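Read through the structure below, which is laid out as structure tokens, and then see the notes.
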Amino acid sequence: MGRGKDFMEFEERRKILIDSLKINGISDRVLGAMMHVPRHLFVPERFQETAYMDMPLPIGHDQTISAPHMVAIMCELLDISSGMKILEVGSGSGYNAAVMAELVGDEGHIYTVERIPELAYFAEKNLKRAGYRNVTVLQDDGSCGLAEHAPYERISVTSAAPEVPRPLIDQLAPEGIMAIPVGNGEQQLVVVKKDMKGKVSYKSWGAVIFVPLIGKYGY
């Protein structure tokens, strides 16, 4: 990717966006990761001009890329460290996976599952174009998790479930954290934690709006 006029313009817009997120109490580490991710590469070309506005954008198939502030909040709640193995349910365009990939570094890995084949391809293409090699995109029913690579130290769910899917709880490692929107209509972002003995706790962060989770353990 060359450093032409468009590159510099997008980079400046990205900096303005990231600076605006500082008022939400987001850590410098998460903001730094987001500064490295070219969000305009993760939206359809016709929306690139609005890629650095703090708003969700349509990516086709009745799905959206989350607003940057929500991506930042979920990453903050997950408390992601370098070297972690993370499961993402709902790849979308691949943007959220890219931000988490920055946070886990080369020693970590993101497994992201997308139900819609066209979006799985879109996410994989976007991640490859942006240079991410520590992300694996799979097309499947993400509500069932991804048992073959479990357990996961963190699980990020980007669509709202009627309740926290049991397979995801089972695939969460001891001392693991999951962030998941729950509810039909009125949704709450729920932080799920599992202690060393396997005891699970739930805490609501606040009201959110996400597309519904479709699948065996979704709607």
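Computed quantities for the displayed model
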quantity: HIS36 accessible area, assembled protein chains, probe 1.4 Å, Å²; calculated: 130
quantity: Simple label model, 7 Å out from Cα along Cβ direction - GLU175 to HIS69, nm; calculated: 3.4
quantity: Highest-fluctuation residue, ASP54, ASP141, ASP62 considered, GNM on the chain with Cα pairs under 10 Å; calculated: ASP62
quantity: Per residue accessible area in Å² of the chain, where ligands, DNA and RNA are left out and the probe is 1.4 Å; calculated: 48
quantity: Lys, Arg +1 and Asp, Glu -1 on Cβ, resulting dipole of the chain about Cα centre, debye, nearest 20; calculated: 160
quantity: Karplus (6.51, -1.76, 1.60) ³J(HN,Hα), θ = phi - 60°, over region 52-61, in Hz, Gly and Pro reported as x; calculated: 9, 8, 7, 7, x, 9, x, 10, x, 6
quantity: Net lengthening on full extension, ALA147/LYS216 (0.36 nm per residue, minus Cα-Cα); calculated: 23.4 nm
quantity: Alpha carbon Rg of region 84-142, scaled by the compact-globule rule 2.2 N^0.38 Å; calculated: 0.97
quantity: Apportionment of accessible area to carbon and sulfur, region 40-143, percent (1.4 Å); calculated: 48
quantity: Rounded to whole Å, sorted largest first: equivalent-ellipsoid semi-axes of region 119-161, Cα gyration tensor; calculated: 20, 13, 10
quantity: Alpha carbon convex hull of region 125-195, projected area averaged over orientations, nm²; calculated: 5.7
quantity: Counted charge near TYR219, where neighbours are those whose Cβ lies closer than 14 Å (Asp, Glu -1; Lys, Arg +1); calculated: -1
quantity: Relative compactness, region 85-219, computed as alpha-carbon Rg over 2.2 N^0.38 Å; calculated: 0.99
quantity: Full-extension gain in nm, TRP205 to SER82, via 0.36 nm per residue minus C-alpha separation; calculated: 41.9 nm
quantity: Global geometry of region 1-84, whether rounded, prolate or oblate, following the gyration tensor of its Cα atoms and the 1.5 cut on a/c; calculated: oblate
quantity: Order of exposure, largest accessible area first, which applies to LYS128, LYS194 with probe 1.4 Å; calculated: LYS128, LYS194
quantity: Solvent exposure, largest accessible area first (probe 1.4 Å, DNA, RNA and ligands not counted), of THR112, THR158; calculated: THR158, THR112
quantity: Of all DSSP beta bridges in region 134-219, antiparallel share, percent nearest 5; calculated: 70
quantity: Residues in region 82-98 reached by a label modelled at THR136 [backbone nitrogen below 14 Å; 7 Å Cα→Cβ]; calculated: 85-88
quantity: For GLU124, solvent-accessible area (1.4 Å; no DNA, RNA or ligand), Å²; calculated: 100
quantity: Of MET35, MET53, MET84, the one that fluctuates the most in a GNM where the chain has Cα springs shorter than 10 Å; calculated: MET53
quantity: Contour minus Cα-Cα distance for ILE23 and ARG166 (0.36 nm per residue); calculated: 47.9 nm
quantity: Region 5-157: C-alpha gyration tensor shape, a/c 1.5 cut-off, then a/b vs b/c; calculated: oblate
quantity: With all protein chains modelled, accessible area of TYR202 [1.4 Å, Å²]; calculated: 130
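The values are calculated or read from the model by the stated rules, or taken from the named source; none is laboratory data. Computed from a prediction, not measured in an experiment: that's the story for all the values here. Neighbour counts run over all protein chains shown; Cβ positions are idealised from the backbone, glycine included. The area values use the complete protein model at the heavy-atom level, side chains included, leaving out ligands, DNA and RNA. Shrake-Rupley method; radii C 1.70, N 1.55, O 1.52, S 1.80 Å.
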